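Enquirer: Before I ask anything, let me first share the structure, which is written out below as structure tokens.
Since every read-out is calculated from the coordinates, none of them should be taken as a lab result. Since we're looking at a predicted model, the values are computed, not measured. For neighbour counting, all protein chains shown are included, and Cβ atoms are generated from backbone atoms with ideal geometry for every residue, glycine included.
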Amino acid sequence: MLSLYVRFKLHPGTKPRFVPHLAELIKTMGKEPTFVSAVLSEDPEAADDMVLFELWNGSTQEWLNEQPQKLYRSVYDEATRDLVADKEVRFLAPVVIQN
């Protein structure tokens with residue numbers, strides 16, 4: 001199992017345009033057979049920061065072999081390119097999961 005941590009630093013004032021694009025991406029990812037869940041959170045102390053946690057079945061290498069080239073990801077990247085000032089992505093290994 002794989003967990004992704006993605007922290008977005010948005011350009012000021014772009015959150016209302018960014019969130020619908022990311023919500024659509026999450027909805028589309030939800031149709032993937034190895035997708036488990038995703039949570040988008042905002043940082044109350046940093047108005048332009050958002051954090052996405054994704055949980056996937058499989059390994060980091062399997063994810064890297066399958067997911068980055070998906071067409072819906074390039075559509076999302078193109079639509080949000082001018083909204084995101086910086087993005088940090090980390091691949092993590094879950095230790096405890098509770099539903």
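Enquirer: Around His21, what is the net charge, scoring Lys/Arg as +1 and Asp/Glu as -1 over all other residues with Cβ under 14 Å from its Cβ?
Expert: Residues near His21 contribute +2 overall.
Enquirer: Mind giving me the nanometre distance, one decimal, between the label points for Lys70 and Val19, set 7 Å out from Cα along Cα→Cβ?
Expert: According to this spin-label approximation, the distance is 2.3 nm.
Enquirer: Let me ask another. Quick one: how many lysine pairs in the chain have C-alpha atoms under 22 angstrom apart, if they're 8 or more apart or on different chains?
Expert: 8
Enquirer: Pulled fully out, how much extra length does the chain show between Ala85 and Lys31, if you take 0.36 nm times their separation in residues and subtract their Cα-Cα distance?
Expert: 16.6 nm
Enquirer: So for the pair Glu42, Arg7, with labels modelled 7 Å out along Cα→Cβ, what separation do we get in nm?
Expert: Once both label points are built, they end up 1.9 nm from each other.
Enquirer: Counting Lys and Arg as +1 and Asp and Glu as -1, what is the net charge of the other residues whose Cβ lies under 14 Å from the Cβ of Val51?
Expert: Taking every Cβ under 14 Å from that of Val51, the sum is -3.
Enquirer: While we're on this one: Looking at the chain, what % of its DSSP beta bridges pair antiparallel, to the nearest 5?
Expert: So the antiparallel bridges in the chain amount to around 100 percent.
Enquirer: Might you report the magnitude of the Cβ-based charge dipole of the chain about its Cα centre, with Lys and Arg at +1 and Asp and Glu at -1, to the nearest 20 debye?
Expert: In debye, rounded to 20, the chain gives about 180.
Enquirer: Rank Ala46, Phe8, Val19 by how far each Cα sits towards the positive end of the charge dipole of the stretch 2-92 (+1 on Lys, Arg Cβ; -1 on Asp, Glu Cβ) and give me just the farthest.
Expert: Of Ala46, Phe8, Val19, it is Val19.
Enquirer: Can you list residues whose amide H is under 5 Å from Val36's amide H, if they're 5+ apart or on another chain and H is modeled 1.01 Å from N?
Expert: Answer set, sorted by chain and number: Leu55, Trp56, Asn57.
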